[in-house]
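A short write-up of the structure that comes next.
Read the figures in this text as sums done on the coordinates, not as results from a lab. It should be emphasised that the depicted structure is a prediction, and the values quoted were computed from it without experimental measurement. Here the Cβ positions follow ideal geometry from the backbone for every residue, glycine too, while neighbour counts run over all protein chains shown.
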Amino acid sequence: MGAGNHQTPGLMKPKADMSVVDRILNGEIRAAARLIRDIEDGRPVAREALKTLYTSSGQAFVIGITGPPGAGKSSLADKLIEAFRGQGKKVAVVAVDPTSPFSGGAILGDRIRMNRHASDDGVFIRSMGTRGHLGGLSAATSDAVTVLDAMGWDIILVETVGVGQDEVEIVRTAHTSLVVMVPGMGDDIQAIKAGILEIANIFVVNKADRPDTDRTVRDLENLLDMNLPSEDEWRPPVVRTVALRQDGISELMEKIQEHRNYLLSSGRLARFEEEKSAQRFAELLKEGLFRQVHDRIQHEDRLKGILEAIVNKELDPYTAVDRILEEKLK
Amino acid sequence: MSERKLRLLVAKPGLDGHDRGAKIVARSFRDAGFEVIYTGLRQTPEQIVNTAIQEDVDAVSLSILSGAHNTLFPRVIELLREKDAADIPVFGGGIIPEEDIAGLKAAGVLAVFTPGTSTEEINRWVRETIRPRD
């Protein structure tokens, strides 16, 4: 987790003659904040900077926090920031909230629960709107994590939107994923297990001072027992917390450390990096090829004709694509 | 190239007891298509300025009901300057007497909206005045 070759974020003064990348590697908050904005807004300059920053990333430990709305994800993040700060670690947070599909606007309010850390130079918090992206994160989230990682933050917390079912993306972004639940969801656990069992490395039953806590914990444990892991596999622990009262936070920190140790000792960390790299490469290749081909047929003013032929059933979309791709390969 | 989305910080410095006005403004900004970062009650000027920088906002809007506006507005502007972020404009509103407005504007506050201002009016002003920083 150490980042010895990096400057402490926030301590360096800006220098006008430095490139964006140098300023970020130098720990300059404004430069990093701006680059994350450029990534979100799809600016070409961001892509250039990422090319360099990517090779400097890979030091940070990334923890995902997901779970239904109101489960207490932000409050838990707040306590985890405090606990990691207590260990002397520098902590960055990326918190994703939904963008309104009607106006395109968003109220990003995850900071409300963590903003006491805003005056701590060892903490960086960034809010993001989903901007139409499904899967619990925004399209820019993993690149933002790369920027913060390269910058030298030891711990990066990623808080998802909180729909509770469709958040598989966090698994490819975070080394350790926490799924936060609240008591009283007993029957619902059955309904959502398909999405959730695969995501969680650690289950957190927050608000564990509520009456249904024992049942929720038992239901989760039963579910996990049915999913018997092979001998070397990690069985997700179930941790009870009351984030607002600080209860259970030190146990949660222990479990996070245990999972990290497991990733290192089992070789899972290497596999995680392989899968993440393959995924990112495929995504970028897909995006790039699509843009290239699409731009070309649009530039040659053929898109309209092709679409008309498909509408009129003179051409089917499968043949249309095959032909375009054959041209492309020639 | 895709267009920049406007990002605004809605913040409440000082000891105000409620944030209904700030929430109404935040919601109308969202409905106007802006991204609003909302931090909740009782923020220090330091927290507000650090938040503005980390979130890369295009403007900071402060809501103040406590009567401490003559101290809090200038303090936020001063801190932005200290942190090389004077390019982030500050505007705001709340229970602010007419006679204080000229002084606040002289201190660098771009606009002051008092009770009775419609959210449409504020949105129109934001659209005309605040540009995504490039």
Using modelled backbone amide H atoms (1.01 Å from N, in-plane), which distant-in-sequence or interchain residues come within less than 5 Å of A:Val204's amide H?
-> A:Val179, A:Val180, A:Met181, A:Val239
Can you list the aspartates and glutamates whose alpha carbon is less than 14 Å from that of B:Lys12, not counting same-chain residues fewer than 8 positions off?
-> B:Glu46
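So, with +1 on the Cβ of K and R and -1 on the Cβ of D and E, and no other charges, what is the size of the charge dipole of chain A about its Cα centre, to the nearest 20 debye? Before the final figure, lay out the partial values.
Working: 43 positive and 50 negative charges, 199 e Å.
With only Lys, Arg, Asp and Glu charged at Cβ, the dipole is about 960 debye.
By its C-alpha gyration tensor, with a ≥ b ≥ c as the square roots of the eigenvalues, how is the protein assembly as shown shaped: rounded for a/c under 1.5, else prolate for a/b larger than b/c, else oblate?
Values: a/c = 1.56, a/b = 1.13, b/c = 1.38.
Verdict is oblate for the protein assembly as shown.
Taking 8 Å as the Cα distance limit and 6 or more residues as the minimum spacing, I'd like the relative contact order of chain A as a percentage. Numbers along the way, then the final one.
Values: 518 pairs, mean separation 55.5, N = 330.
Dividing the mean separation by the residue count of chain A yields 17 percent.
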Extreme residue, positive dipole direction of chain A, given options A:His117, A:Gly64, A:Pro101 (C-beta unit charges) = A:His117
³J(HN,Hα) computed for each position of segment B:29-38 - Karplus, 6.51 cos²θ - 1.76 cosθ + 1.60, integer Hz, glycine/proline x | 5, 4, 5, 7, x, 8, 8, 10, 9, 10
Which residues qualify? For A:Leu108, with a placed amide H closer than 5 Å and at least 5 residues away or on another chain, they are B:Val36, B:Ile37, B:Tyr38
Averaged across the residues of A:35-46, what count of C-beta atoms belonging to other chains lies within 10 Å of each residue's C-beta?
-> 3
Candidates A:Met114, A:Met226, A:Met128, ranked by Gaussian network fluctuation over chain A, Cα under 10 Å, top entry | A:Met226
Amide H neighbours of A:Ala95 under 5 Å, at least 5 residues apart or on other chains, H built in the peptide plane: list them.
-> A:Arg126, A:Ser127, A:Met128, A:Glu159
Karplus-derived 3J(HN,Hα) from phi for segment B:115-128 (6.51 cos²θ - 1.76 cosθ + 1.60, θ = phi - 60°), whole Hz, x at Gly and Pro, runs x, x, 5, 7, 5, 4, 4, 5, 4, 4, 4, 4, 4, 7
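If you keep only loop residues by DSSP, which GluC sites (Glu not before Pro) in segment B:1-107 have at most 16 other Cβ atoms within 10 Å of their Cβ?
Details: sites: B:Glu3, B:Glu35, B:Glu46, B:Glu55, B:Glu78, B:Glu82, B:Glu98, B:Glu99; in loops: B:Glu3, B:Glu55.
Hits after loop and neighbour filter: B:Glu3.
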Mind checking which of A:Gly122, A:Gly27, A:Gly305 has the largest fluctuation in a GNM of chain A, springs on alpha carbons under 10 Å?
-> A:Gly305
Taking a threshold of 29 Å on the Cα-Cα distance, which of the pairs A:Lys207/A:Lys276; A:Lys207/B:Lys5; A:Lys73/B:Lys105; A:Lys73/A:Lys276; A:Lys79/B:Lys5 fall above it?
-> A:Lys207/A:Lys276; A:Lys207/B:Lys5; A:Lys73/B:Lys105; A:Lys79/B:Lys5
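Per the helix-only calculation at 222 nm, which mean residue ellipticity applies to chain A, given -39500 (n - 2.57) for every DSSP H run of n ≥ 4 and division by its residues, nearest 500 deg cm²/dmol? Let's see the in-between values first.
Details: 12 runs with 161 residues, N = 330.
Only helices count here, giving -15500 deg cm²/dmol.
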Shape of segment A:20-266 from its Cα gyration tensor (a ≥ b ≥ c, root eigenvalues): rounded if a/c is under 1.5, otherwise prolate when a/b > b/c, or oblate?
-> prolate
